[in-house]
Amino acid sequence: MKTIGIIGAMREEVMPLLDFFKKYEEVKIGGNSFYTTTYKNYNIIIAYSKIGKIHAALTCSIMALHFCTDCIIFTGVAGGLSSDLKVGDIILASSLCQYDVDISAFGHPLGFIPESELYVHTDSNLNEIAKKAAMKQNIKLKYGIIASGDSFISNAQKKQWIIDKFDACAVEMEGASIAVVSSLLNIPFCIIRAISDSADDNADISFDEFLADSAKRSAAFIISMLDEMQ
Ligand code: SAH
């Protein structure tokens, strides 16, 4: 039986999944609760990491090494950078980068760490499943680069800087951790995010207003992906 890990950053992002599965068991490791259940012929492990790249890296490592997940799916909300993304839209990451890595003083490109990759690509099979699930529901899925860093972006200038330097469509605080950990451990992964704000000067107000709804949209989309899996 395959084991699928589903990670969110915040409680609000995984609660809709726990509400859907209803019955689950809780295992506590490393300051996180991991909720285990089954769906169809899958073992499902669900956890929220807490906000930021370090927390997400820990949760993803535990998913992979303790629960031996066969794949990892991230669900949550993000700030939209592309002008065609509005609140509630769903983005599927093509690749992830860390916009807050800067060792350019040594001549390295922004976001690049030696012996690592600037952009870490998501799994094409999982992305196909996401695209099929979207098509069936008539959801227009945005496919593009997501930039991660340890700041909530609520500033038009900083937003433009991330677009210019990384060609990203959305910004959030965990995706690149999931990407780096999963790819180094050879675990297929994908990142799904519903837009909660536009990372501009009103982002905090928009985030508070739309977090619950966008988190639910993303979680519902994850369920539709599980239904699409063979
Ligand atoms: N209101 C929360 C903090 C939210 S931080 C509190 O007080 O505890 C924002 C979270 O949503 C992060 O997990 C991040 O991944 C995502 N996110 C949504 N919009 C974002 C934006 N504009 N910039 C960065 N992260 C964003």
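In table form, for the structure just shown:
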| item | result |
| --- | --- |
| Cross-chain or 6+ apart pairs with Cβ under 9 Å, the range 77-88 first and more than 19 Å from residue 164 (Cα to Cα), then in a loop (DSSP other than H, G, I, E, B) | 77/9; 77/10; 86/198; 87/198 |
| Check on residue 116, within 24 Å of residue 59 (Cα to Cα), of a type outside the set (Asp, Glu), more than 17 Å from the chain's Cα centre (by Cα) and at pLDDT 95 or above | yes |
| Answer residue from the range 100-113, given it is surrounded by fewer than 22 Cβ atoms within 10 Å (Cβ to Cβ) and touching a Phe, Trp or Tyr at 6+ places or on another chain (Cβ under 8 Å) and is nearest to residue 52 (Cα to Cα) among those | 101 |
| Residue ID - farthest from the ligand (Cβ to nearest atom), chosen from residues in the range 49-85 that are in a helix (DSSP H, G or I), among the small types (Gly, Ala, Ser) and surrounded by fewer than 20 Cβ atoms within 10 Å (Cβ to Cβ) | 61 |
| Test: residue in the range 32-42 that is in contact (Cβ under 8 Å) with a residue 12 or more places away in the chain, outside any strand (DSSP E or B) and more than 14 Å from residue 63 (Cα to Cα) | yes |
| Only one of 147, 133, 64 that is touching a residue at least 40 places away in the same chain (Cβ under 8 Å), within 20 Å of residue 184 (Cα to Cα) and in contact with a Ser or Thr (Cβ under 8 Å, 6 or more places away or on another chain) | 64 |
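Residue-wise test of (1) crowded, with 17+ Cβ neighbours inside 10 Å; (2) closer than 23 Å to residue 4 by Cα; (3) in contact (Cβ under 8 Å) with a residue 60 or more places away in the chain; (4) touching a Gly at 6+ places or on another chain (Cβ under 7 Å).
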{"position": "120", "(1), (2), (3), (4)": "yes, yes, yes, no"}
{"position": "153", "(1), (2), (3), (4)": "yes, no, yes, yes"}
{"position": "160", "(1), (2), (3), (4)": "no, no, no, no"}
{"position": "166", "(1), (2), (3), (4)": "yes, no, yes, yes"}
{"position": "177", "(1), (2), (3), (4)": "yes, yes, yes, no"}
{"position": "188", "(1), (2), (3), (4)": "yes, yes, yes, no"}
{"position": "194", "(1), (2), (3), (4)": "yes, yes, yes, yes"}
{"position": "197", "(1), (2), (3), (4)": "yes, no, yes, yes"}
{"position": "201", "(1), (2), (3), (4)": "no, no, no, no"}
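The values are calculated or read from the model by the stated rules, or taken from the named source; none is laboratory data. All of these numbers come straight from a predicted model, not from anything done at the bench. Note that we place each Cβ from the backbone using ideal geometry, even for glycine, and neighbour counts take in every protein chain shown.
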